[in-house]
1. Taking H placed 1.01 Å from N in the peptide plane, check which residues at least 5 places from Asp108 or on another chain put their amide H under 5 Å from its amide H.
2. Can you run the Rg to Rh ratio on segment 1-64? Use alpha carbon positions and the Kirkwood inverse-distance Rh.
3. Which residues' amide hydrogens lie under 5 Å from the amide hydrogen of Ala44, considering only partners 5 or more residues apart or on another chain, with H built in the peptide plane?
4. I'd like the Karplus ³J(HN,Hα) series for segment 71-83: coefficients 6.51, -1.76, 1.60, θ = phi - 60°, whole numbers in Hz, and an x wherever there's a Gly or Pro.
5. So who's got an amide H within less than 5 Å of the one on Arg49, skipping anything under 5 residues away but keeping other chains? H placed 1.01 Å off N, in plane.
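Just so it is clear, none of the values below were taken in a lab; they were calculated from the coordinates. This one's a predicted model, so the numbers in the text were calculated from it and none came from an experiment.
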Amino acid sequence: MITEDRIAYRAALPDGGRLLGLDVGTKTIGTALCDAGWSFASPAELIRRTKFTADKATLVALIGAQAVQGLVVGLPLNLDGSDSPRTQSTRAFARNLADLNLPILLWDERWSTQAVERQMIAEDLSRAKRAERVDKLAASYILQGAIDGLVAS
């Protein structure tokens with residue numbers, strides 16, 4: 001099941017469980033994990049993209065090691081809420097993960113990278129440190145927004 005409806009996604013996970021958040025980029029995939037009670041999200045690993053089969057194998061290993069019950073994939077919509085070429089690419093990525101038989105929630109990520117960048121600048125991190133952390137932190141921001149929305153539903 002792939003959905004943008006948080007209520008349908010919540011219904012697919014009646015007992016909660018760990019979720020894996022993904023910020024899918026062209027060069028990297030930022031990942032984040034949340035606890036089984038959906039209280040907090042934490043950055044996990046950064047996957048350097050190669051071929052999809054290798055990227056998927058890395059995700060499968062992470063899913064297995066962390067007993068992940070569902071995926072939250074950041075959906076890069078345009079500012080007006082419409083789809084962009086990146087949105088279509090992300091939807092295709094999610095469809096290619098459908099055979100993992102985990103519910104997949106597509107979550108609006110329009111402001112995630114900017115919010116994370118602003119926070120890192122406020123913390124006075126150098127450009128180099130920001131560049132190496134931004135995707136994992138964006139995945140965490142996306143996942144935190146999703147679990148906050150799921151708990152409220």
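1. The answer is Leu75.
2. Across segment 1-64, the Cα-based Rg/Rh ratio is 1.00.
3. Amide H neighbours of Ala44: Thr31, Ala32, Leu33.
4. Calculated HN-Hα couplings, in order: 10, 10, 10, x, 9, x, 6, 5, 4, 7, x, 7, 6 Hz.
5. Those qualifying (amide H under 5 Å, at least 5 residues apart or on another chain) are Thr28, Ile29.
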